[in-house]
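Down below is the structure, laid out as structure tokens.
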């Protein structure tokens, strides 16, 4: 478990990191959130997604105050979370953000060169259509069960009120698992980006696949799903309540947690970014602590083992490995763990 320090004084949600924790999970940690929405490759006519995720996108499209890019005054992409792993040839470790945004296009030159030089490209999950369809189907409740019967009546009333405000019919979420609904509610104001732009992970996968490179993932769908499927019914309800509370607070304070996370991702200030990432969860909140262990700490260990296994098994092939950026920062990160195992990693710049 990481050592927690006093939270730095900084504006907006960074002063209240637990309130941004769900957005943090979606943006930097679990590719299933975007894969469940079909990514941007899933147009309105793509029926590889279950009807529920199609319905959310189609019902929300044009009805929401959507955000696909930031105002011109906000910062541009300053420096990537990109490390070279020494070898002959070298491999690369890249930290992504799972939510699409116009500021991430085109790729920075250093990322593009590393991608072009690589023989193998791996994400958290494979991003082929079959995998994304499998993810989407796993976000649904079994036949005969409905969201309304999975959560307390007062919580369901809050969900309905939010959907009504966004002009989304309740039927669009009727069969979603509770934890999946919580993750997808955080993305409601970014539906336009999700259906018109490709998440960074998917862009990397498609570019590599089109170039004839070997592609794949470090994890399986089952492994990522179990992070949330393993929560009890009560814990999933609490997770949903925290998400709704988060959204209410953002609205009252006039802030956008995703935009603040994007600013951290785009920033050249690693100290502030590491500090903010390290304090996104609330150590006094039992569910936050449990999710932090499941989503970050446990998976960092698995990812480190599999990165090492992949590189060691094919040392003459260059690997480009892309995972959520939060897995690459801090004392218990994949970068730190690989360094402890004797690998030499060098942080690269934008050019």
Inset, instruction - Filter segment 322-351 for residues that are assigned to a strand (DSSP E or B) and surrounded by fewer than 13 Cβ atoms within 10 Å (Cβ to Cβ) and give the result. - result: 346
Legend entry - Qualifying residues in segment 149-179 (those that are in a helix (DSSP H, G or I) and under 14 Å from residue 233 (Cβ atoms)) - the one nearest to the chain's Cα centre (by Cα): 179
Legend entry - Check on residue 319, surrounded by 13 or more Cβ atoms within 10 Å (Cβ to Cβ), touching a residue at least 60 places away in the same chain (Cβ under 8 Å) and farther than 30 Å from residue 237 by Cβ: yes
Legend entry - Breaking point among (1) under 22 Å from residue 298 (Cβ atoms); (2) under 15 Å from the mean Cα position of the chain (by Cα); (3) at pLDDT below 90, for residue 184: (1)
Inset, instruction - Would you point out the residue of segment 119-131, among those that are surrounded by fewer than 24 Cβ atoms within 10 Å (Cβ to Cβ) and not in a strand (DSSP E or B), that is modelled with the highest pLDDT? - result: 119
Legend entry - Residues that are part of a helix (DSSP H, G or I) and either without any contact (Cβ under 8 Å) to a residue 60 or more places away in the chain or surrounded by fewer than 22 Cβ atoms within 10 Å (Cβ to Cβ) (or both), drawn from segment 260-276: 260, 263, 264, 266, 270, 271, 272, 273, 274, 275
Inset, instruction - Please tell me if residue 269 is at pLDDT below 90, at negative phi and out of contact with any helix residue (DSSP H, G or I) (no Cβ under 7 Å at 6 or more places or on another chain). - result: yes
Inset, instruction - Output the number of the condition that residue 308 fails; it satisfies all remaining conditions of (1) under 30 Å from residue 116 (Cα atoms); (2) in contact with a helix residue (DSSP H, G or I) (Cβ under 6 Å, 6 or more places away or on another chain). - result: (2)
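The values are calculated or read from the model by the stated rules, or taken from the named source; none is laboratory data. Because the structure is a prediction, the values reported are computed rather than measured. Every residue, glycine among them, receives a Cβ derived from its backbone with ideal geometry; neighbour counts consider all protein chains shown.
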